Amino acid sequence: MPASSDLRVDAVIRYDEPTAAVPVVRSTRTPWYVMLAAILLAALVVAPVLVVFGQATSAGSAEASRLLFRPRTAELLRNTLLLVALTVPVTVLLGCGAAWLVERTTLPGPGIWRTLLLTPLAIPAFVSSYAWTSMLPSVQGLGGAVFVTALAYYPFVFLPVAALLRALDQGHLDAARSLGLTGLGAMLRVVVPLQRPAVAGGALLVALHLLAEFGVLQMMQYPTFTTAILQQFAVGFSNAAGSLLAAVLVVLCLGFLVVEVPLRGHARIARLGPGSGQRPVAHRLGAWTVPALAALAALVGLAVMVPAAIVVRWLARAISSGAVEAGPLLAATGSSIGLSVLAGLAATLAALPGAWLLHRYPSRLAAVLERVTYVASALPGVVIGLALVTLAVQWARPVYQTAALAVTAYTVLFLPRAMVAWRSGLAAAPTELIEASRSLGVSGLGTFARVVLPLVLPSALTGFVLVFLATVTELTATLLLAPTGTETLATAFWSASDELDYVASAPYAAAMIALSAPLTLLLRRQILDQR
Amino acid sequence: MTSRGIVISDLTVGYDGPPVLDQVSLQVSSGGTVAVLGPSGSGKTTLLRALAGFVRPAQGRIEVDGKVLTGGPVLVAPERRGIGYVRQDGALFPHLDVTGNILFGLPRAERRRATQVGPLLELVGLSPSLARRRPDQLSGGQQQRVALARALAREPAVVLLDEPFSSLDTALRAATREATLTALTQRGATTVLVTHDQAEALSFADRIAVIFDGRIAQIGSPAEVYDAPATPEVGSFLGDTMLLAGQAAGGIVDCVLGTLELAEPATGKVLVMVRPEQVVLGDPSGPTAHVVSVAYQGPDAMVRLNLPNTAARLMARVPGRRAPQPGDEVGLAVPDPVRSFPDSPILPISG
């Protein structure tokens with residue numbers, strides 16, 4: 001008998017607190033107005049896609065299959081996929097490598113590098129490709145396209161990765177090391193998983209821009225779906241062949257969106273409470289300092305300095321030859337700024353309901369609504385532009401050839417930029433704070449205004465700037481939708497450079513760069529102020 | 001007749017699978033302090049979140065001062081409940097300083113006047129000089145007190161505390177707990193504290209609700225749940241416990257520790273519950289035990305013992321300076337009455 005009593009003593013005497021997180025029960029009722037707004041905006045974005053498919057199917061199935069299954073289509077598909085497959089890894093490598101050097105090592109002058117590494121955002125890809133081809137006609141074809149686009153687009157990866165690396169908590173790294181991981185192991189098993197959403201999001205953005213790129217590829221004479229569609233539309237306005245190619249492009253875009261979901265992972269990175277994060281310790285570069293500096297200098301040199309120098313050289317020639325006309329230049333600058341500010345505001349506002357829904361009331365529907373916003377941005381601007389023209393002519397005649405329609409096109413095109421910015425910003429406003437506010441007597445809308453907004457405003461500003469930059473340099477939709485008689489910097493630049501008039505193009509290129517440059521500084525402050 | 005305080009009746013919260021809370025009923029009188037004590041995953045935080053209005057229960061109702069907050073179709077929004085909620089991490093707003101945080105829930109006019117910040121900081125035992133600090137410039141204990149001041153600023157009738165002291169170190173914990181209790185008592189707020197720390201629950205609350213697997217196992221005063229637990233599980237959860245097989249005969253029981261007096265009469269096979277501090281060492285008339293180990297803890301020491309001829313391993317908590325040495329032979333006695341439970345198979349309780 002004593003033996004059995006002993007067993008019982010041991011059985012019940014101690015309780016160990018399990019450390020696993022307990023699932024939190026939430027009341028998951030989505031406010032109807034948020035859901036309604038998100039659905040309406042998703043519908044606005046989807047409408048052009050539906051128009052594209054509608055026109056594509058109007059050709060009839062026999063004609064459609066004849067147009068689709070021909071060697072030309074296979075060649076375009078191969079070209080497009082090859083461009084994406086080569087460029088995206090390069091941008092990830094450049095973006096992550098640069099971000100790591102700047103944020104996590106003893107590299108001298110990280111502040112300056114943060115600025116310099118973002119400056120490619122101020123130079124439109126088609127301007128730098130104009131610069132390179134005007135000097136080196138051998139920069140051509142696939143090689144030239146990868147070279148120019150990778151240098152132009154790596155900031156899309158650098159920006160979110162650098163921001164997250166700054167927010168990295170040394171505590172996590174120390175914990176990994178104390179659990180027996182080497183420095184490299186901690187990097188692979190702690191840093192990399194935390195970076196996954198940023199890298200995947202950035203890579204997706206690069207891939208989608210490549211699908212929609214027109215200016216660079218036209219100059220490099222590297223045909224992809226987008227350049228082919230433009231040629232089709234130029235030949236015969238709004239014909240079925242172009243729409244069919246556009247439909248294939250939409251399918252490609254959907255494929256990328258689906259692939260990104262598992263790559264992104266489920267990291268939740270908000271951090272709160274006592275002992276809030278500790279700045280990570282920098283890696284000592286030592287003898288590697290000089291090679292690292294040289295590598296970054298080469299990157300910035302090729303991406304920014306050389307193209308900018310060439311533009312300046314053409315500009316100097318334009319000024320000395322008296323080819324610069326102040327009147328048209330000022331008019332184009334004014335309309336570019338006006339349209340870009342409106343587009344920035346519209347897209348930032350429009351992205352909010354979807355991002356908010358996904359953050360606060362995650363559901364399959366919310367995820368679909370968010371994904372949907374990426375679809376339109378993958379389409380070439382000219383497709384969105386033509387679809388909106390078709391819609392406006394049929395149902396909203398008065399807005400045709402007004403700034404409103406152009407701003408709508410920009411919003412549809414650049415919504416993902418604002419969306420990405422909102423989503424990273426909303427991570428700074430975790431549910432705990434929202435609930436704290438509610439239990440202090442503040443309503444849902446009041447909580448949004450007084451807690452969420454102040455915390456995410458920096459990110460919202462980032463989104464605005466990204467859309468502004470994109471709009472200043474948007475070419476194809478602007479060519480179609482700009483209000484009658486209005487020239488923007490991009491369209492004026494394009495009509496001159498299309499005629500290989502490098503001198504006449506230079507002032508507009510310089511103005512676009514000058515307009516975008518201060519905004520790059522603003523973006524830099526965003527990463528700097530993170531955490 | 002409407003009753004003051006909190007009345008929770010038949011509250012069931014469930015989402016896919018077994019319910020998190022299963023028909024929980026609990027009453028807290030106005031101005032009272034109740035501690036909800038249970039292991040992690042027992043549902044205690046869900047109970048608090050249901051009170052605060054963040055959870056829609058499957059059934060049951062919650063009333064505060066006679067007003068239905070949750071029940072049937074009614075689910076009063078969190079901001080309309082007048083219930084303060086202080087989380088484990090404090091959840092201070094990082095974009096606001098201490099003043100901004102404390103005044104957050106007040107109407108705009110009062111926020112502008114800001115006259116309440118100083119008194120509230122003093123109420124929770126903080127210096128008014130902290131008013132302009134930002135949350136990341138405060139220690140964990142200070143953050144916790146600011147969070148309490150923020151909740152108290154609206155003079156809520158009910159304050160919910162979700163393990164508010166668990167992230168603090170021992171010294172800070174006692175001081176913060178003391179300051180919190182004082183502030184809550186001064187305001188006369190009805191308080192519900194959720195914790196898995198037995199000592200914290202016993203010292204903080206005037207009533208304790210022990211919750212296991214979503215069900216209330218016992219409600220009573222701290223002395224009741226500690227000295228007269230409803231089940232062996234409750235007894236063991238509240239502190240170190242020996243459960244020994246015994247044969248009861250009315251007011252006494254026979255077990256390996258000899259013949260002990262029972263607090264309540266019983267008969268037949270029973271489990272005898274003996275707390276280590278009930279065991280007195282050095283009584284030559286009792287059974288003699290062999291000291292296996294001594295864990296010295298300052299004020300007292302935990303002595304582990306073997307009884308010859310049995311495999312029994314026993315524990316005794318004795319004043320630190322009277323602790324024996326390992327290897328000593330000591331006589332055991334349990335002079336005070338002990339509790340017993342009907343003998344039944346005991347399953348280990350997993351957290």
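A short reminder: the numbers here are calculations on the coordinates, not readings from a lab. The structure presented is a predicted model; accordingly, all values stated were derived computationally and were not measured. Here the Cβ is made from the backbone with ideal geometry for all residues, glycine too, and neighbour counts use every protein chain on show.
Helix A:289-300 and the long axis of chain A differ in direction by around 40°, with both axes built from C-alpha atoms. Centroid-to-centroid, using Cα positions, segment A:52-92 and segment B:10-50 are 59 Å apart.
Most simply put, segment B:144-246 has about 50% antiparallel DSSP beta bridges, counting only bridges with both residues inside it. Along the axis of the charge dipole computed for segment B:240-339 (Cβ charges of +1 for Lys and Arg, -1 for Asp and Glu, origin at the Cα centre), the listed residues B:VAL294, B:ALA316, B:VAL280 are led at the positive end by B:VAL294. Using every pair of distinct Cα positions in segment B:177-252, the Kirkwood expression returns a hydrodynamic radius of 14.1 angstrom. Under 5 Å between amide hydrogens, built in the peptide plane, is the criterion, and for B:ALA301 it picks out B:VAL318, B:GLY320 among residues at least 5 positions away or on other chains. Checking every one of the GluC sites (Glu not before Pro) in segment A:441-531 against DSSP loop status and a limit of 11 other Cβ atoms within 10 Å picks out A:GLU499.
Seen against the Cα atoms of chain A and their longest principal axis, helix A:32-57 is set at about 40 degrees. Considering the dipole of segment B:6-234 built from charges on the beta carbon (Lys and Arg +1, Asp and Glu -1) around the Cα centre, which of B:VAL146, B:ALA174, B:LEU47 is farthest to its positive end? Checked the options; the winner is B:VAL146.
In chain A, which longest range has no chymotrypsin sites (Phe, Trp or Tyr not before Pro) that are both DSSP loop (not H, G, I, E or B) and surrounded by at most 13 other Cβ atoms within 10 Å? Within chain A, the longest run free of exposed chymotrypsin sites (Phe, Trp or Tyr not before Pro) spans A:238-531.
How many angstrom lie between the C-alpha centres of segment A:447-470 and segment A:482-505? First find each Cα centre; the distance between them is then 33 Å. Measuring nothing but alpha carbons in segment B:240-339 and taking Rh as the Kirkwood radius, the Rg to Rh ratio lands at 0.97.
For chain A, the C-alpha radius of gyration sits at 1.07 times the compact-globule guess of 2.2 N^0.38 Å, with N the residue count. Taking the longest Cα principal axis of chain A as reference, the axis of helix A:192-212 is set at about 20 degrees. The charge dipole of chain A, taken about the Cα centre with unit charges on the Cβ atoms of Lys, Arg (+1) and Asp, Glu (-1), comes to about 860 debye, rounded to the nearest 20. Expressed in units of 2.2 N^0.38 Å, where N is the residue count, the Cα radius of gyration of segment A:302-363 is 1.92.
With θ taken as phi - 60° and the Karplus curve 6.51 cos²θ - 1.76 cosθ + 1.60 applied, the whole-hertz 3J(HN,Hα) list for segment A:240-248 is 5, 4, x, 5, 5, 4, 4, 5, 4 Hz, x standing for glycine and proline.
At 25 °C and 0.890 mPa s, grab the translational diffusion coefficient of segment B:75-122 from Stokes-Einstein with a Kirkwood Rh over Cα pairs, rounded to a whole number in µm² per second. Reported coefficient: 200 µm²/s. The simple spin-label model puts a point 7 Å past each Cα toward its Cβ; for B:GLU264 and B:SER25 those points are separated by 1.9 nm. Projecting the Cα positions of A:TRP356, A:PHE156, A:VAL341 onto the charge dipole of chain A (unit charges on Cβ atoms of Lys, Arg, Asp and Glu, taken about the Cα centre) puts A:TRP356 furthest along the positive direction. Hydrodynamic analysis of chain B uses the Kirkwood radius over alpha carbon pairs. Inserted into Stokes-Einstein at 10 °C and 1.306 mPa s, it gives a translational diffusion coefficient of 70 µm²/s. Remark on B:LEU69: its backbone amide H falls under 5 Å from those of B:ILE62, B:GLU63, B:VAL64, a criterion applied only to residues 5 or more positions apart or on other chains, H modelled at 1.01 Å from N. Its relative contact order, with pairs defined as Cα atoms under 8 Å and 6+ residues apart, puts chain B at 15 percent.
Among B:ASP89, B:ASP22, B:ASP328, a tally of other beta-carbon atoms within 10 Å of each Cβ gives an order, fewest to most, of B:ASP328, B:ASP22, B:ASP89.
With the convex hull constructed from alpha-carbon coordinates only, segment A:133-206 shows a mean projected area of 6.6 nm² over all directions.
Between amide H atoms placed 1.01 Å from N, distances below 5 Å from A:HIS283 occur with A:THR105, A:THR106, all of them 5 or more places distant or on a separate chain. Annotation: Cα Rg of segment A:28-186 relative to the compact-globule expectation 2.2 N^0.38 Å equals 1.52.
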